[in-house]
Amino acid sequence: MNAGFFRRITSSLIDMALIFTVIYFSFTLFGRTILQSNVENYQEINTAYNDIMQVYNQNMQELQLEYDVKKELAGDNEELKDEALEEYLSKTGLLNQQNLIDIEPYNRPLGIYFTSVVYYYIFLFLVLMSIFTLVTKGKTLGRRTMGLKLVGPTNPLNILFHDIGLKYLLIIALVPINVLFAVMALMFMFIIDMALIAASRNKNTIRDIITKITVERIGYKY
């Protein structure tokens with residue numbers, strides 16, 4: 001019996017959680033240090049940026065408190081409330097402009113660091129998920145947990161194409177270009193998969209049809 005959508009998506013989430021856990025620990029142990037060392041004076045830059053943002057947030061809180069007090073004191077006087085709001089918007093506008101000027105020197109180096117973090121996660125995810133899939137021959141932890149098995153031409157190349165190439169590669173490729181496009185692609189693929197599995201007799205997705213692999217629901221051991 002071919003597996004349903006929610007059983008398959010749960011299987012994928014289990015595998016992704018496992019891989020991202022490994023990546024997170026690798027990042028904590030050595031990845032973060034390596035990436036930070038590639039940005040000159042990272043610690044000083046990051047400290048200065050955080051100090052600026054801390055002062056900015058504190059000033060914003062003070063302006064919000066000042067506005068709330070004036071609005072409370074105004075009571076039912078709408079004119080005084082409008083004056084308080086206008087003053088608040090004027091002061092916060094100036095504060096925002098000054099903050100943009102203050103943090104501008106730090107945007108580029110910190111942007112380089114955070115971009116490298118994204119690439120670090122993407123690259124390791126593809127590598128580790130590919131190795132995990134090939135080593136287990138498609139019998140990943142998620143599939144074993146949910147009682148699923150790949151059936152069909154399950155040679156290594158076809159499994160890799162089914163589980164990685166057609167499943168993650170497009171979305172991951174879009175992340176560096178535009179995160180919104182990546183999210184939209186993920187949602188679109190989610191809807192298409194759900195519709196195909198629900199509507200078709202064999203519960204096959206597009207990648208199942210292309211690779212001629214089906215995902216069947218069986219016992220927990222195989």
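Brief remarks on what is shown
- What the Cα convex hull of region 85-126 gives, in volume per residue, is 66 Å³.
- Seen from residue 8, the other residues with C-beta closer than 14 Å to its C-beta sum to a net charge of +3, counting Lys and Arg as +1 and Asp and Glu as -1.
- Residue with peak Gaussian network fluctuation, the chain [Cα springs, cutoff 10 Å], from 96, 77, 178: 77
- Using a Gaussian network model of the chain in which every pair of alpha carbons under 10 angstrom is joined by a spring, one finds that among 149, 167, 81 the greatest mean-square fluctuation is at 81.
- Remark: region 191-207, residue by residue, has Karplus-estimated 3J(HN,Hα) of 5, 4, 4, 4, 5, 5, 5, 6, 8, 8, 5, 8, 6, 9, 8, 4, 5 Hz, where x stands for each Gly or Pro and the curve is 6.51 cos²θ - 1.76 cosθ + 1.60 at θ = phi - 60°.
- Hydrodynamic radius of region 58-148 per Kirkwood, over alpha carbon pairs, in Å: 18.4 Å
- Only helices enter this figure: runs of n ≥ 4 DSSP H residues, each worth -39500 (n - 2.57), summed and divided by the residues of the chain, yield -24500 deg cm²/dmol at 222 nm to the nearest 500.
- Each 5 Å bin from zero up to the one holding the largest Cα-Cα distance in region 1-133 carries the following percent of pairs: 2, 8, 12, 11, 10, 9, 9, 9, 9, 8, 7, 4, 1, 1, 0.
- At 1.567 mPa s and 4 °C, Stokes diffusion of region 165-222 via Kirkwood alpha-carbon radius, µm² per second: 101 µm²/s
- In the chain, the longest principal axis of the Cα atoms and the axis of helix 5-26 are about 60 degrees apart.
- Which of 80, 65 has the fewest Cβ neighbours within 10 Å, and the rest in rising order: 65, 80
- Viscosity 0.692 mPa s, 37 °C: Kirkwood-radius Stokes-Einstein D of the chain over Cα pairs, µm²/s: 151 µm²/s
- Table column - 3J(HN,Hα) (Hz), region 134-144, Karplus curve with 6.51, -1.76, 1.60, x for Gly and Pro: 5, 5, 8, 6, x, 8, 6, 4, x, 5, 5
- Region 102-222: mean projected area of Cα convex hull, nm²: 9.2 nm²
Taken together, the values in this text are just the output of simple stated rules run on the coordinates, not laboratory data. In this text, all values refer to a predicted model and were calculated from it rather than measured experimentally. Because the Cβ atoms are built from the backbone with ideal geometry, glycine has one as well, and the counts that use them run over all protein chains shown.
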